[in-house]
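To keep things clear, I will list the structure first and then write my remarks on it.
Rule-based calculations on the coordinates, nothing more; no lab input. The model shown is predicted, which means the values in this text are computed figures rather than measured ones. Note: ideal-geometry Cβ built from the backbone for every residue, glycine included; neighbour counts use all protein chains shown.
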Amino acid sequence: MNISSSGSTQVLDQTMILVGLESNLAMIEFNLDTEVIWVNDHFAQALGYTISEMKNMVHKQFCPHNFVNSSEYNQLWENLKKGIKFQKKIQRVDKKGNLTWFEATYIPIKNEQGVVDAVLKIATDITNRENQTREVVSHLKNLSIDLGSKVDINSKENMKALQSLKEQINLLTLPRLKPQAD
């Protein structure tokens, strides 16, 4: 089967490719009403569900409320229905209400007539990596604040020392300047 305009030929069996993808990536399929019509175990486990629990759920149930109620959410599904893929780092909500991070690609699946029939989402759970990154960023922000306050304290102490030095110089030079002024 020819897979590109460069003339390269696909050697791997398409069924085996699909099996490989399914066994290594989190995958879920939605109909155009945003209902789950298929999900693999990796995806279900990432959100704390079983496969049977997820069937017939709707996409909104996995999304944070602020996203569901946004124009961005409506635009996502409008674009998918038009055949426009979506790829981004996204936040979803697991069964317990915890936020989960995915690197995800939503792929519109077209029928033989070229009409979008379903949407396949392929994702990688990046929650641990995202949490670690956020922890490092938070630590760096706190470090920056700490350094800023230390510089501020140090500057104030230096200003006090300079003021004290100025006063000492004035005390030492004032008696010498008094006779010259008379």
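Aspartates and glutamates near K96 by alpha-carbon distance under 19 Å, same-chain residues fewer than 8 away left out - which ones?
D41, E53, D125, E130
So how much slack lies between L162 and L21, counting 0.36 nm per residue of separation and subtracting their Cα-Cα distance, in nm? Present the calculation step by step, with values, prior to reporting the outcome.
On the way: separation 141, 0.36 × 141 = 50.76 nm, distance 6.89 nm.
So the extension gain works out to 43.9 nm.
Over 29 Å between Cα atoms, which of K60/K88; K60/K141; K141/K166; K121/K141 qualify? Don't jump to the answer; show the numbers that get you there.
Details: K60/K88 17 Å; K60/K141 33 Å; K141/K166 37 Å; K121/K141 34 Å.
Distance filter (> 29 Å) returns K60/K141; K141/K166; K121/K141.
For an R0 of 25 angstrom, estimate the FRET efficiency from the Cβ-Cβ distance between D33 and S138 and round to the nearest 0.05.
0.05
What is the dipole size for the stretch 1-100, taken about its Cα centre, with +1 at each Lys and Arg Cβ and -1 at each Asp and Glu Cβ, in debye to the nearest 20?
Here the size comes out at about 340 debye.
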